[in-house]
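Visitor: Okay, here's the structure, questions in a sec.
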Amino acid sequence: MYNILVVDDDKEIVESIDIYLKNEGYKIYKAYNGLDALDIIANEKIHLILMDIMMPRLDGIKATIKIREEKNIPIILISAKSEDTDKILGLNIGADDYITKPFNLLELVARVKSSLRRYVNLGTYKNEDKDVIKSGGLSMNLLTKEVVVDGEYVKLTPIEFNILMLLLSNKGVVFSIDEIYEKVWKEQSFNVENTVAVHIRRIREKIEINPKEPKYLKVVWGVGYKVEKL
């Protein structure tokens, strides 16, 4: 099943699209402005976006620019006939296709299927799955070395990144302090408790809303650390 995000401030249009795409077996997420769309994309696996151009808070052009900073998923713009300039701009900054209001819903479904076919056949979908690891609102891109928490970029040092990558790649698995040190530092561990603990504390300060009550990076007392499955 593919997940499709429909973004339009006209709720009637969103509901009509929802009905047709659900009939094709897709799971539908809904947003009514660009900011809400970005929040959904940060926390859910979205395979295609239908994006209106004219919206409050954050329009479709600006939202597309933000999405293209880190995602390569298909974006189909929904535009009014008077927005030809915006359509061209949207295609230039990374949208894959556009459809003009009022549109035929069967044509929209055909465009969705075509875009998803290209996306999967080119291998983009598979590569993105392989190169991005996540738990809840926490994600790491192993190619770009970017860490995102609830839609916000977080800067980690190389050691911090490697510790978090080890734990996030093995969600739910508890690693002892010695195991973390040997796998990340590539050295035999000896009296390394403070060294590892300091780095864990710094990671928590960067990725947790409340480091004293962590959501992601948990301690298992007397055993070690793990990243929760969320």
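The values are calculated or read from the model by the stated rules, or taken from the named source; none is laboratory data. Quantities reported herein were computed from a predicted structural model and do not represent experimental measurements. Counting neighbours? That spans all protein chains shown, and the Cβs are built from the backbone with ideal geometry, glycine included. Protein only, heavy atoms only, side chains kept; ligands, DNA and RNA dropped before computing areas. Shrake-Rupley method; radii C 1.70, N 1.55, O 1.52, S 1.80 Å.
Visitor: Taking only the alpha carbons of the chain, what extent do you get along each of the three principal axes, in Å, biggest first?
Guide: Taking max minus min along each principal axis of the Cα atoms, the chain gives 68, 33, 29 Å.
Visitor: At a 10 angstrom cut-off on C-beta neighbours, averaged per residue, how do the peptides 182-190, 49-57 rank from highest to lowest? Working shown, then result.
Guide: On the way: 182-190: 12.6, 49-57: 21.3.
Ranked from most to least packed, the peptides come out as 49-57, 182-190.
Visitor: Relative contact order, percent, of region 1-150 when contacts are C-alpha pairs under 8 Å separated by at least 6 residues?
Guide: The value is 19 percent.
Visitor: Give the peptides 2-12, 167-177, 152-162 in descending order of average Cβ contacts within 10 Å, highest first. All intermediate terms of the calculation are to be shown ahead of the outcome.
Guide: Working: 2-12: 18.6, 167-177: 16.5, 152-162: 14.3.
Ranking, from highest mean packing down: 2-12, 167-177, 152-162.
Visitor: Ordering LEU105, LEU138 by how much accessible area each has at a 1.4 Å probe, largest first, what is the list?
Guide: Order by accessible area, largest first: LEU105, LEU138.
Visitor: Under a crude label model (7 Å from the Cα following the beta-carbon direction), how far is TRP221 from LEU106 in nanometres?
Guide: 6.6
Visitor: Would you mind calculating the gained length between GLU228 and ILE93 on full extension (0.36 nm times residue separation, minus the Cα-Cα distance), in nm to one decimal? Mind dumping the intermediate values first?
Guide: Details: separation 135, 0.36 × 135 = 48.60 nm, distance 3.66 nm.
Length gained, GLU228 through ILE93: 44.9 nm.
Visitor: With θ set to phi - 60°, apply the Karplus curve 6.51 cos²θ - 1.76 cosθ + 1.60 along region 103-109 and write out the HN-Hα couplings as whole Hz, x wherever there is a Gly or Pro.
Guide: Along region 103-109, the couplings run 10, 7, 5, 5, 5, 4, 4 Hz.
Visitor: How large is ³J(HN,Hα), in whole Hz, for each residue of region 188-194 in order, when computed from phi with the Karplus curve 6.51 cos²θ - 1.76 cosθ + 1.60 and θ = phi - 60°, using x for Gly and Pro?
Guide: 5, 7, 7, 6, 9, 4, 5
Visitor: Using 0.36 nm per residue of separation minus the Cα-Cα distance, give me the extension gain between GLU208 and LYS155 in nm, one decimal.
Guide: Fully extending the segment from GLU208 to LYS155 adds 17.8 nm.
Visitor: Using amide H atoms built in the peptide plane, which far-off residues or other-chain residues are under 5 Å from TYR29 H to H?
Guide: Under 5 Å from the amide H of TYR29 lie the amide H atoms of ILE4, LEU5, VAL6, each far enough along the sequence or on another chain.
Visitor: Continuing with the same structure: Go through region 87-102 residue by residue and turn each phi into a ³J(HN,Hα) via Karplus (6.51, -1.76, 1.60, θ = phi - 60°); whole Hz please, and just put x for glycine and proline.
Guide: For region 87-102, the Karplus-derived couplings read 4, 4, 4, x, 5, 5, 9, x, 5, 8, 6, 8, 9, 9, 6, x Hz, x marking Gly and Pro.
Visitor: With +1 on each Lys and Arg Cβ and -1 on each Asp and Glu Cβ, how big is the dipole of region 27-180 about its Cα centre, in debye rounded to the nearest 20?
Guide: Dipole of region 27-180, to the nearest 20 debye: 540 debye.
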